[in-house]
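Each remark here refers to the structure printed beneath this line.
The values are calculated or read from the model by the stated rules, or taken from the named source; none is laboratory data. Since this is a predicted model, take the numbers as computed values, not measurements. Glycine gets a Cβ as well: all are built from the backbone with ideal geometry, and neighbour counts include every protein chain shown. For accessibility, only protein heavy atoms count, side chains too; no ligands or nucleic acids. Shrake-Rupley method; radii C 1.70, N 1.55, O 1.52, S 1.80 Å.
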Amino acid sequence: KNLLKSSMSCPGCNAAMTLVPCSSSKSPDGLIWRCSPCKKYKNIRADSALSGQKIALKTFIQLLFCLSIKGLTGIAISQMTGLSENTVSDWRIYLHTRLADWLLANPCPDKELLPLGS
């Protein structure tokens, strides 16, 4: 699963869906996938790693940024994002696991590019 899909096909007619702005009642993220031919729509989180997650997309992006800063503690990230320390810890573990799985499935051909060394 990707964090968000870069394209979406309509489940009804299989046409390519378009990403369009919407009201917060349809999606708290302000965007939905919309099918022009049959007028169906899907949440931008559909069929993605964020499907079913309660975290706001803006907060998730802030979290990713904070997690990329070396040495930033869970407490500091919690204060910066407004998430609980437990939520920050859960997301850190989840994302680390997803990245590790991806790296195992997609080995780097050039060992010199690996920051861990061998």
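Here are the numbers for the structure shown:
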| read-out | value |
| --- | --- |
| Residue that is nearest to Asp29 (Cα to Cα) [pool: residues in the range 57-74 that are open to solvent by less than 50 Å² (accessible area, probe 1.4 Å) and among the hydrophobic types (A, V, I, L, M, F, W, C)] | Leu57 |
| Any hit, the range 98-117, residues being open to solvent by less than 80 Å² (accessible area, probe 1.4 Å), part of a helix (DSSP H, G or I) and more than 30 Å from Cys10 (Cα to Cα) | yes |
| Which numbered condition Ile77 misses (of (1) open to solvent by 30 Å² or more (accessible area, probe 1.4 Å); (2) closer than 18 Å to Leu95 by Cα; (3) in contact with a Cys (Cβ under 9 Å, 6 or more places away or on another chain)) | (1) |
| Condition met for Gly52 (of a type in the set (Gly, Ala, Ser) and open to solvent by 50 Å² or more (accessible area, probe 1.4 Å)) | yes |
| Verdict on Ser6 being of a type outside the set (A, V, I, L, M) and either touching a His at 6+ places or on another chain (Cβ under 8 Å) or at pLDDT below 80 (or both) | no |
| From the options Ser89, Ser84, Ser36, residue that is at pLDDT 90 or above and closer than 20 Å to Lys5 by Cα | Ser36 |
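Table: residues versus (1) in contact with a Pro (Cβ under 9 Å, 6 or more places away or on another chain); (2) polar (S, T, N, Q).
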site: Ser24; (1), (2): no, yes
site: Lys42; (1), (2): yes, no
site: Asn86; (1), (2): no, yes
site: Leu95; (1), (2): no, no
site: Pro107; (1), (2): no, no
